[in-house]
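The values are calculated or read from the model by the stated rules, or taken from the named source; none is laboratory data. In this text the structure is predicted, and so the values were computed from the model without any measurement. Quick reminder, even Gly has a Cβ in these numbers, built from the backbone with ideal geometry, and neighbours come from all protein chains shown. Side chains included, ligands, DNA and RNA excluded: accessible areas come from the protein's heavy atoms. Shrake-Rupley method; radii C 1.70, N 1.55, O 1.52, S 1.80 Å.
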Amino acid sequence: MIHVLVSDSMSSEGLQPLLDAAHINVVQKKVEEVDHELHLFDALLVRSATKVTEELFEKMTNLKIVGRAGVGVDNIDIEAATKHGVVVINAPNGNTISTAEHTFAMMASLLRHIPQANVTVKSNEWNRSAFVGTELYSKSLGIIGFGRIGGEIAKRARVFGMNILVFDPFLTKDRAEKIGVSNCTLDELLTNADIITVHTPLIKETRGILNKETIAKTKKGVYLLNCARGGIIDEAGLIHHLENGHVAGAALDVFEVEPPVNNKLLKFDNVIVTPHLGASTKEAQLNVAAQVTQEILNFLDGKPVTSSINLPTLTKELFDKIQPFYHLAKKMGNIVSQCMKVPVQEVAIQYEGSVAELETSFITKALLSGFLGARVDITVNEVNAGMIAKERGISFSEKITSNNSGYENLLEVKVFGDNQNFVLRGTHVPHYGERIVGINDFNIDFYPTGHLLYIQHQDKPGVIGRVGKVLGDHEVNIATMQVGRKEKGGEAIMMLAFDRPLDDTLTSQLAAYDDIVSVKSIDL
Ligand SMILES: NC(=O)C1=CN([C@@H]2O[C@H](COP(=O)(O)OP(=O)(O)OC[C@H]3O[C@@H](n4cnc5c(N)ncnc54)[C@H](O)[C@@H]3O)[C@@H](O)[C@H]2O)C=CC1
Ligand SMILES: O=C(O)C(=O)COP(=O)(O)O
């Protein structure tokens, strides 16, 4: 008998195939209610309420798979799941429409003061002049984060006669053209939008993307919406601009702390709120429950799953052989992604030497997952990297070459982006480890780990000394340093490694020097 625990409320229609399976025992109870039987369960199904922690994995010793009936997996400790050998799956597109519709409903409500007016009429007031609204028609809607939900909102906004401004650094020209929107810079969006809505994942780059400083750049009287994740709009910054009257109103479905406790935002008349209801429709709940149910059934049946977000199931023998290249490829993808912060159309990987005899498709996916990992909400891995690349309009290819560049094995990745290409070469030396041996046309040799600084500069006396002095003046210790050049006095590169991350002011200071062409900080 297989035991499945469903610990958050879920559509029973969606769960039906699991409930019908004779060999599966489904228990619909909260984790706390089955504390003494946790070791029995093979599968766990959750929404956002259950916190799937390391401690829970330790108690659920028989657990093989966690299914998240929704998109965000921030309530699941993915690293712990992977460590415990538990596959985590989600339902990435089951609630897209519902969340887009909820955002739209919030936008209309905000501009027409519907929640506030509703309260007064029910309190026997009839004050029409207090609730004069604003039309959506011909207003500019700024969408920050143009993935599944952002794209659906744009379609609806167009029908309402709105102008659409999009900011998404990873949106390719092709996809933008297909949907009929044009990408702009964040500043262009901030200064031109009448209404701004955020639909990015909550990651380092997007936490507080709207804050005291960025909101100050918006039009006076701007409306702001967050139906993605609490923290993408910095709550303190929003409060500041509500108090000074710069922001005309805000609609929030999500909060930095949920449920909100003593949150000042709830005190503003021009802030309307819902309790994280984006995905709460019958349809979305049926979709997400049915999707994870099917995936769990496939998985328990030994069939492949399509929306796994952590490690795939690999035989140990195969994994042992490709493990060194897996780690190298992942880091190479990550380095390229951090050096190419522009939309990318193509990733081409080439294998040379002994690595070409292994399961290269898996290594290609590892490289892609390293590349995409910094750009999307869900944890990208070898299982879903190809699918996500395709969704983002990024094509990828792999080629085995008979070239002999002198290395026992060599991986080369070429990335083609908007007006910019990048080439990185890496090798794995047994008993010595991973090495990056080439960047664009330059030969170099460094260990890809920790905090790195990649500097393109002119090969002139004093440049290296100046870099050393700036870092020294800031008490930054250089752990290792490699330089490469093509010809005397021409273009050159430096790769420096540090024991701690560098702050942005330091990289900007270095980038300002005449003979320094670019400075990119890389964290692995
Ligand atoms: N309120 C609710 O109940 C729900 C909230 N969500 C949240 O909505 C968010 C978006 O979901 P999807 O559209 O399905 O995800 P998605 O992954 O399809 O789209 C996210 C987009 O954000 C972009 N992005 C990444 N970093 C960025 C940056 N620094 N600046 C601007 N754009 C950036 C990505 O390129 C991508 O296009 C997720 O965080 C999800 O958790 C999702 C469903 C329901
Ligand atoms: O899918 C998501 O990311 C959501 O935020 C929806 O969360 P929920 O399942 O409604 O608790």
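Only residues that are at negative phi, out of contact with any Leu (no Cβ under 7 Å at 6 or more places or on another chain) and part of a loop (DSSP other than H, G, I, E, B) were counted in segment 181-212, giving 14. State whether the residues of segment 144-161 include one that is more than 30 Å from residue 305 (Cβ to Cβ), in contact (Cβ under 8 Å) with a residue 40 or more places away in the chain, within 13 Å of ligand 1 (Cβ to nearest atom) and in contact with a His (Cβ under 9 Å, 6 or more places away or on another chain). The answer is yes, given that some residue of segment 144-161 is more than 30 Å from residue 305 (Cβ to Cβ), in contact (Cβ under 8 Å) with a residue 40 or more places away in the chain, within 13 Å of ligand 1 (Cβ to nearest atom) and in contact with a His (Cβ under 9 Å, 6 or more places away or on another chain).
Within segment 33-50, is even one residue within 16 Å of ligand 1 (Cβ to nearest atom), assigned to a strand (DSSP E or B) and without any contact (Cβ under 8 Å) to a residue 60 or more places away in the chain? Yes, some residue in segment 33-50 is within 16 Å of ligand 1 (Cβ to nearest atom), assigned to a strand (DSSP E or B) and without any contact (Cβ under 8 Å) to a residue 60 or more places away in the chain. Of the listed requirements (1) within 16 Å of ligand 1 (Cβ to nearest atom); (2) within 30 Å of residue 45 (Cα to Cα), residue 81 misses just one: (1). Looking at segment 11-26, is at least one residue under 22 Å from the mean Cα position of the chain (by Cα) and within 16 Å of ligand 1 (Cβ to nearest atom)? Among the residues of segment 11-26, not one is under 22 Å from the mean Cα position of the chain (by Cα) and within 16 Å of ligand 1 (Cβ to nearest atom), which makes the answer no. Those residues that are under 16 Å from residue 292 (Cα atoms) and within 16 Å of ligand 2 (Cβ to nearest atom), I need them from segment 37-49; list them, please. Scanning segment 37-49 gives 44, 45, 46, 47, 48.
Count, please, the residues in segment 237-272 that happen to be in a helix (DSSP H, G or I), in contact (Cβ under 8 Å) with a residue 24 or more places away in the chain and either among the charged types (D, E, K, R) or open to solvent by 30 Å² or more (accessible area, probe 1.4 Å) (or both). It would help to see each step written out before you state the result.
Step one: of segment 237-272, the residues in a helix (DSSP H, G or I) are 237-243, 264-267.
From the residues that got through so far, the ones that are in contact (Cβ under 8 Å) with a residue 24 or more places away in the chain too are 237-242, 264-265.
Checking the rest, the ones that are also either among the charged types (D, E, K, R) or open to solvent by 30 Å² or more (accessible area, probe 1.4 Å) (or both) come to 240, 264.
Matching residues across segment 237-272 total 2.
Here 26, 34, 87 are screened, and the one residue that is more than 15 Å from ligand 2 (Cβ to nearest atom) and open to solvent by 30 Å² or more (accessible area, probe 1.4 Å) is 26. What's the total number of residues in segment 479-524 that are touching a helix residue (DSSP H, G or I) at 6+ places or on another chain (Cβ under 9 Å) and β-branched (Val, Ile, Thr)? So the count comes out to 5.
In the list 380, 376, 423, which residue meets the criterion of being more than 16 Å from ligand 1 (Cβ to nearest atom) and either not aromatic (Phe, Trp, Tyr) or not in a strand (DSSP E or B) (or both)? Criteria check complete, one pass: 423. In segment 43-75, of all residues being over 24 Å from residue 286 (Cβ atoms) and surrounded by 18 or more Cβ atoms within 10 Å (Cβ to Cβ), the one that is modelled with the lowest pLDDT corresponds to 64. Within segment 136-175, the set of residues being over 16 Å from residue 199 (Cα atoms), open to solvent by less than 20 Å² (accessible area, probe 1.4 Å) and under 21 Å from the mean Cα position of the chain (by Cα) comprises just one member, 172. In segment 64-82, the condition of being part of a helix (DSSP H, G or I), within 19 Å of residue 298 (Cβ to Cβ) and away from ligand 2 (no atom under 12 Å from the Cβ) is met by at least one residue.
Restricting to segment 222-231, give me the number of residues that are part of a loop (DSSP other than H, G, I, E, B) and either farther than 25 Å from residue 75 by Cβ or in contact with a His (Cβ under 9 Å, 6 or more places away or on another chain) (or both).
Residues of segment 222-231 part of a loop (DSSP other than H, G, I, E, B): 227-231.
If we keep only those that are either farther than 25 Å from residue 75 by Cβ or in contact with a His (Cβ under 9 Å, 6 or more places away or on another chain) (or both) too, we end up with 227-228, 230.
Final tally of qualifying residues: 3.
Considering only segment 216-230, I want to know if a residue exists there that is assigned by TED's automatic domain parsing to the domain that holds residue 48 and in contact with a Leu (Cβ under 6 Å, 6 or more places away or on another chain).
Let us first name the residues in segment 216-230 that are assigned by TED's automatic domain parsing to the domain that holds residue 48, namely none.
No, that holds for no residue.
Among the candidates 219, 155, 178, single out the residue that is in a helix (DSSP H, G or I), away from ligand 2 (no atom under 16 Å from the Cβ) and under 26 Å from residue 135 (Cα atoms).
Details: 219 fails: in a helix (DSSP H, G or I); 178 fails: under 26 Å from residue 135 (Cα atoms).
Only one candidate qualifies: 155.
Close contacts from segment 502-524, counting a first residue that is closer than 18 Å to residue 490 by Cα and assigned by TED's automatic domain parsing to the domain that holds residue 478 and a second that is basic (Lys, Arg) and exposed (fewer than 14 other Cβ atoms within 10 Å of the Cβ), with Cβ to Cβ under 7 Å and a gap of 6+ residues or different chains, come to 515/460.
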